[in-house]
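S.K.: A single structure is presented below for examination.
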Amino acid sequence: MQTIRSSEITPEHIYVSRRKFMSSASKIAVGAAMMAACSRQSDSTDTSLDAGNISTDVDELGDSWTNYTSIANYNNFYEFSVNKERVAAMAQDFKITPWEIDVGGLVKNPGRYQIENLLTKFDQEERVYRLRCVEGWSMVVPWMGFPLKRLLDEVEPTMNARYVRFETLYDPVQLPGQNDGWYSWPYVEGLRLDEAFHDLTILATGIYGRTLLPQNGAPLRLVVPWKYGFKSIKSIVRIDLVDQQPITLWMKAAPNEYGFYANVNPNVHHPRWSQDTERRIGELGRRDTLLFNGYAEQVDHLYSNMDLQHNF
Amino acid sequence: MDNVISYMSKYIRVLLHICALLPLVMLFYDLSYDNLSVNPIQDVTIRTGKPALVLLVLVLSITPVRKWFGLHSLIQFRRSLGLYAFMYASLHFLVFIGLDYGFDIELLQLSVFKKPYVVLGLLAYLTLAPLAITSTHGWIRRLGKYWKILHKLVYLTGVLAVSHYIWAVKSDIRQPLIFAAVICIMLLARVRAFNRAIYLLRERISTK
């Protein structure tokens, strides 16, 4: 067991160059073939780029991407460890092939999907999103993945479906944290149907153009950028369309502190701490937390008639 | 055993200084070798707060342990333990207002009252500070019988500090509860009936 040393990880300037390669090739098909091409690119050491000239990539607000080492080594994934810095080492041998995802419940076409099939069936696109943890830190992550709605369209929710319920793998041998009775395993998360169909909501399969690492939720995880990080459930094995609001792991653990919606909101505080500010990983100062994590324009219509203080 | 402690007190004192400074040395080591996590300020906050709490528990345990086990010479180490607790608490406080909030008074005012655990921590610190200041021989003499009364404040510090810890953790409060349990025992040790029960228990064990 050892943590991933920065030397084992492809330097960031290579990702940057890889990304430039990707954007120049964006006219060509993206997806699995694309990712294979990218990994070939990274094998040829690119010495023309100055190593100091890193992280020129920014999100739409002009904030730099968080470096890959940080993303890969600072993880909240209690199934491996409650210590964010130990998760990466604990997750090293996590078996992600074969991996099947059952999609069912109130749908017309329930199905069992192999992860490889999802990767080829749906075009993988890059989405650069801010990730705000309820604990008060944040990152900017260049995800690879596809909108959840593509999969939902495929299975066709019935008229009665109102929520989507997600479940992480339950395997206490591989996920030793699940032996801890403090939480009720497996990890469960949920979205309202309109949230699930929103274009920003994706199922992620990669980061920085690379296949997702186990500590980041491989092989398939949810990413809902306007909600606190814990909503973005990792290592999904089941997706069900349901008519009742799912009860999530965090709602069970502390019902007065973690609600179903968990939208990033500087005006709605956790009962024991304020959510006014956050620390971006890689920065020392604090920055203001933005309403809906900066995605208010895209998502506030989802909550126009709701009391967000009450529906926290 | 008590004799051994008095006899070895010089060495025990050296050991105490080494142990008490170890968390700080390790922190500086990790700082200089960039071994902290990618969220270093949180690391430094936790790694100054925890030693403060542990040392505070040790301070509170001196009197009961003396009483129960007859280890009266332990008293000579109490002041050092208390001052080290205050040192870590001061660092913890400075890290919070300086590193974390950049001495931004406006931001601090906004946040402190929305984070009740911060208020508890601040109160704990404010009750510990006068004890550290009046820990010198001069102050013991000057305050006379009031010194002992003043220093009873440390019980309050203990309760505040452990409450601060319970309120600060995300969900799993098992570890803070262990601290709370130890503090409770140390406070109960000041109750005569509880001590009598301990004596009886000890007698029963020794007569068996």
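Just so you know, all these numbers are worked out from the coordinates, no wet-lab data involved. Only a predicted model underlies this, so the values are computations on that prediction, with no experimental measurement involved. Here the Cβ positions follow ideal geometry from the backbone for every residue, glycine too, while neighbour counts run over all protein chains shown.
S.K.: Provide the gained length on full extension for the span residue A:307 to residue A:57, in nm with one decimal, where the gain is 0.36 nm per separating residue minus the Cα-Cα distance.
M.R.: Gain in length upon complete extension: 86.3 nm.
S.K.: Find out how many positive minus negative residues lie around residue A:124, taking Lys and Arg as positive, Asp and Glu as negative, among other residues whose Cβ is under 13 Å from that of residue A:124. Intermediate results must be reported in sequence, preceding the final value.
M.R.: Working: positive: A:121, A:127, A:150, A:210; negative: A:116, A:123, A:125, A:126.
Within the 13 Å Cβ shell, the charges total 0.
S.K.: How much FRET efficiency would the formula 1/(1 + (r/R0)^6) give for residue A:257 and residue B:15, where r is the Cβ-Cβ distance and R0 is 56 Å, rounded to 0.05?
M.R.: Working: r = 42 Å, r/R0 = 0.76.
Efficiency computed from Cβ-Cβ geometry: 0.85.
S.K.: About the Cα centre of the protein assembly as shown, what is the dipole size in debye to 20, counting +1 per Lys and Arg Cβ and -1 per Asp and Glu Cβ, all else neutral? The partial results should precede the final answer.
M.R.: Numbers: 55 positive and 48 negative charges, 728 e Å.
In debye, rounded to 20, the protein assembly as shown gives about 3500.
S.K.: Sorting A:93, A:240 on the 10 Å Cβ count, fewest up front, what's the list?
M.R.: The most exposed by this proxy come first: A:93, A:240.
S.K.: Related question: Taking 0.36 nm per residue of sequence separation and subtracting the Cα-Cα distance, how much length would be gained by fully extending the chain between residue A:112 and residue A:211, in nm to one decimal?
M.R.: On the way: separation 99, 0.36 × 99 = 35.64 nm, distance 2.12 nm.
So the extension gain works out to 33.5 nm.
S.K.: While we're here: Compute the Cα gyration tensor for the range A:185-312, then decide on rounded, prolate or oblate, letting a ≥ b ≥ c be the square roots of its eigenvalues: rounded whenever a/c is under 1.5, prolate when a/b is larger than b/c in the other cases, and oblate in all that remain.
M.R.: rounded
S.K.: For residue B:2, what is the net charge nearby, where nearby means another residue's Cβ is under 13 Å from its Cβ and Lys, Arg count +1, Asp, Glu -1?
M.R.: Around residue B:2, the surrounding residues sum to +2.
S.K.: Within 10 Å of each Cβ of B:169-178, how many other protein chain Cβ atoms are there on average? Show your work: numbers first, answer last.
M.R.: Values: counts 1, 14, 9, 6, 1, 2, 0, 0, 0, 0.
Mean shielding count: 3.
S.K.: Of the options A:80, B:73, A:145, report the single residue whose Cα projects farthest towards the positive end of the charge dipole of the protein assembly as shown (beta-carbon charges: Lys, Arg +1; Asp, Glu -1).
M.R.: It is B:73.
S.K.: For a quick check: sort B:170, A:121 by the number of other beta carbons within 10 angstrom, fewest at the front.
M.R.: With the fewest neighbours first, B:170, A:121 line up as A:121, B:170.
S.K.: Okay, next question. Gain in length, residue B:32 to residue B:75, computed as 0.36 nm per residue apart minus the alpha-carbon separation, to one decimal in nm?
M.R.: Result: 11.8 nm gained on full extension.
S.K.: What residue among B:35, B:143, B:105 has its Cα farthest toward the positive end of the dipole of the range B:2-207, where the charges are +1 on Lys, Arg and -1 on Asp, Glu, each on the Cβ?
M.R.: B:143
S.K.: Most mobile of B:160, B:128, B:177 per a Gaussian network model of chain B (Cα springs, under 10 Å)?
M.R.: Taking springs between Cα atoms under 10 Å, the residue moving most is B:177.
S.K.: Using a/c under 1.5 as the rounded threshold, could you call chain B rounded, prolate or oblate? The axes a ≥ b ≥ c are square roots of the C-alpha gyration tensor eigenvalues, and prolate needs a/b larger than b/c, oblate otherwise.
M.R.: Prolate.
S.K.: Classify the range A:136-249 as rounded, prolate or oblate, taking a ≥ b ≥ c as the square roots of the eigenvalues of its Cα gyration tensor: rounded when a/c is under 1.5, otherwise prolate if a/b is larger than b/c and oblate if not.
M.R.: Judged from the Cα gyration tensor, the range A:136-249 comes out oblate (a/c at least 1.5, b/c at or above a/b).
S.K.: Then there's this: If each Cα of the protein assembly as shown is one equal point scatterer, what is log10 of I(q)/I(0) from the Debye formula at q = 0.07 Å⁻¹?
M.R.: -0.49
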